[in-house]
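Engineer: Have a look at the structure that comes next, please.
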């Protein structure tokens, strides 16, 4: 990876080094021998797959907490192996890999969908038939959600027919998760339990489409994996592939504008964020791919004088939810309290919608939900013991500090962060006594932190939210109305690390012409 380059012209430019951007860059380099320039505004590459360190021993991921479908023979594993030339290893999480913690019970999830189903039936025997149907329906919903996301890969002449076909048979994916649960189940505890993983896509059951719920649930049917060496190992393994093709990844370069000539994308302008007074840099390429998200691309990067109907639609579309994360360095291994590396979804209520409607976390208002994760127990190479606590939060609660600089937002902001940190630690301590005594170091990130480093709209870590209306937006996808300009990442296909990566494969496929995606996947699976 380089931070400077003399070359100004490339075969392709990728805006952002998230997993979607790195994927399309690596595929263009490896399959089509193109020199690709990747521009990253952060001082470290990887997007939500990067990590950071404190005190020389504590290492945390910022967005990758676990990934499914990484067993031998899995599609995700095959793609990652291809992108990294097999130089990325994965560690499987222990069973049970998930624990759903509720006021009256804890439910353990093992890496076997048959056991998951039988354990649910054992606890809720009166709903046996509905549970069996649910396991079939989440797979159907996931299939139709994926089918809808793949429509643009087919010839344009087929789109009207395919859209009607997918809309008719894929109606199960378009309903809200809450609608499905209310229609098929009676027990309130069971309905809450089945929606426990909503934090993986950032929307409570009343807002999310059942298609994304199905995609996430089935993604983890066979368990969870974590990259050996931490999330940073992903970028470290992919970047050499880009460089071998004559490309380069430049950090601390914030793209300020996509250059257009006669309505065609021809390059970008970028600001050196390490030297704010430096002149803007200009780079040219016949292909420009944005991994900056649909909102940033259409609203901020395409020149405002270029007429685009999509701008108003995107600005009016509902915003994604934000999160806070407490990064904890521990004095000793959390195994002494019985933790083995599994995830803990801790809820104080069965009403998931009450969590997002709740007033902001404070000393007087303890959170109703948090997600507890242990990066150090998932990574066999970890040296320091670490934990993370994640909770939903309303971005507007922090907006008063938005215009202030990172790490210079004043005493009130610092005090608020301390209150939130302590509240979340107390929630975990209630369920796991002794946890607080393990803590040596604590640091909180807010949506403003995410917005600063990732430039995502309102610090929404999941991109455009997967509400049912998302499926009707023409601006969700790899193609844009501007010739030679494409999107990649989560707003191209689906959410999460795997969704963003496959979004990169999809964009590379679109660049490869008719049925290009399927040609790429055939090559990958053969290898």
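The values are calculated or read from the model by the stated rules, or taken from the named source; none is laboratory data. It should be emphasised that the depicted structure is a prediction, and the values quoted were computed from it without experimental measurement. Glycine gets a Cβ as well: all are built from the backbone with ideal geometry, and neighbour counts include every protein chain shown.
Engineer: Checking residue 448 against (1) crowded, with 16+ Cβ neighbours inside 10 Å; (2) within 25 Å of residue 510 (Cβ to Cβ); (3) at pLDDT below 95, which test does it fail?
Structural biologist: All conditions are met except number (2).
Engineer: Let me ask something additional. With the structure loaded, tell me whether residue 289 is under 23 Å from residue 10 (Cβ atoms), touching a helix residue (DSSP H, G or I) at 6+ places or on another chain (Cβ under 8 Å) and not in a loop (DSSP other than H, G, I, E, B) or whether it fails that test.
Structural biologist: Here the answer is yes, as residue 289 does meet what is asked.
Engineer: Which residues, taken from segment 188-212, are under 14 Å from the mean Cα position of the chain (by Cα) and buried (at least 21 other Cβ atoms within 10 Å of the Cβ)?
Structural biologist: 198, 199, 200, 201, 202, 203, 212
Engineer: Just need a number here: residues in segment 287-314 that are surrounded by fewer than 16 Cβ atoms within 10 Å (Cβ to Cβ) and either in contact with a strand residue (DSSP E or B) (Cβ under 9 Å, 6 or more places away or on another chain) or farther than 23 Å from residue 41 by Cα (or both).
Structural biologist: Of the residues in that region, 7 qualify.
Engineer: Turning to a different aspect of this structure: Might you check whether a residue that is assigned by TED's automatic domain parsing to the domain that holds residue 37 and over 22 Å from the mean Cα position of the chain (by Cα) occurs anywhere in segment 159-171?
Structural biologist: Checking segment 159-171: not a single residue is assigned by TED's automatic domain parsing to the domain that holds residue 37 and over 22 Å from the mean Cα position of the chain (by Cα).
Engineer: Moving to a separate point now. Go through segment 294-308 and give me each residue that's without any contact (Cβ under 8 Å) to a residue 12 or more places away in the chain and assigned to a loop (DSSP other than H, G, I, E, B).
Structural biologist: Selection gives 304, 305, 307.
Engineer: Let me ask you something else. Just checking, does segment 160-172 include any residue being under 30 Å from residue 383 (Cβ atoms) and touching a helix residue (DSSP H, G or I) at 6+ places or on another chain (Cβ under 7 Å)?
Structural biologist: No, segment 160-172 contains no residue that is under 30 Å from residue 383 (Cβ atoms) and touching a helix residue (DSSP H, G or I) at 6+ places or on another chain (Cβ under 7 Å).
Engineer: Name the residue, out of 61, 81, that is more than 30 Å from residue 181 (Cβ to Cβ) and buried (at least 22 other Cβ atoms within 10 Å of the Cβ).
Structural biologist: It is 61.
Engineer: On the basis of being in contact with a strand residue (DSSP E or B) (Cβ under 6 Å, 6 or more places away or on another chain), farther than 18 Å from residue 457 by Cα and surrounded by fewer than 24 Cβ atoms within 10 Å (Cβ to Cβ), does residue 484 make the cut?
Structural biologist: yes
Engineer: Right, here's the next one. If you take the residues in segment 183-197 that are touching a helix residue (DSSP H, G or I) at 6+ places or on another chain (Cβ under 7 Å) and in a helix (DSSP H, G or I), which one is farthest from residue 347 (Cα to Cα)?
Structural biologist: 184
Engineer: Right, another one. What do you reckon, is residue 312 without any contact (Cβ under 8 Å) to a residue 24 or more places away in the chain, under 21 Å from the mean Cα position of the chain (by Cα), assigned to a helix (DSSP H, G or I) and not assigned by TED's automatic domain parsing to the domain that holds residue 387?
Structural biologist: Here the answer is no, as residue 312 does not meet what is asked.
Engineer: Next question. Only one of 249, 268, 217, 255 is within 27 Å of residue 356 (Cα to Cα), in contact with a helix residue (DSSP H, G or I) (Cβ under 9 Å, 6 or more places away or on another chain), crowded, with 23+ Cβ neighbours inside 10 Å and touching a residue at least 40 places away in the same chain (Cβ under 8 Å); which?
Structural biologist: Exactly one of 249, 268, 217, 255 is within 27 Å of residue 356 (Cα to Cα), in contact with a helix residue (DSSP H, G or I) (Cβ under 9 Å, 6 or more places away or on another chain), crowded, with 23+ Cβ neighbours inside 10 Å and touching a residue at least 40 places away in the same chain (Cβ under 8 Å), namely 217.
Engineer: Checking the condition without any contact (Cβ under 8 Å) to a residue 60 or more places away in the chain and either farther than 23 Å from residue 157 by Cβ or not in a helix (DSSP H, G or I) (or both), which residue from 513, 489, 504 passes?
Structural biologist: 513
Engineer: Now for a separate question. I'd like to know if segment 358-365 contains one or more residues that are modelled with pLDDT under 90, under 20 Å from residue 64 (Cα atoms), in contact with a strand residue (DSSP E or B) (Cβ under 8 Å, 6 or more places away or on another chain) and part of a loop (DSSP other than H, G, I, E, B).
Structural biologist: No, that holds for no residue.
Engineer: Further question: Of the residues 382, 418, 354, which is in contact with a helix residue (DSSP H, G or I) (Cβ under 7 Å, 6 or more places away or on another chain) and either at pLDDT below 85 or surrounded by fewer than 22 Cβ atoms within 10 Å (Cβ to Cβ) (or both)?
Structural biologist: Answer to the check: 382.
Engineer: Give 109, 62, 67 a once-over and let me know the one that is modelled with pLDDT under 95, closer than 30 Å to residue 352 by Cβ and outside the structural domain of residue 351 (by TED's automatic domain parsing).
Structural biologist: None of the other options fit; the residue is 62.
Engineer: Quick one: is residue 66 under 13 Å from residue 245 (Cα atoms) and in contact (Cβ under 8 Å) with a residue 40 or more places away in the chain?
Structural biologist: no
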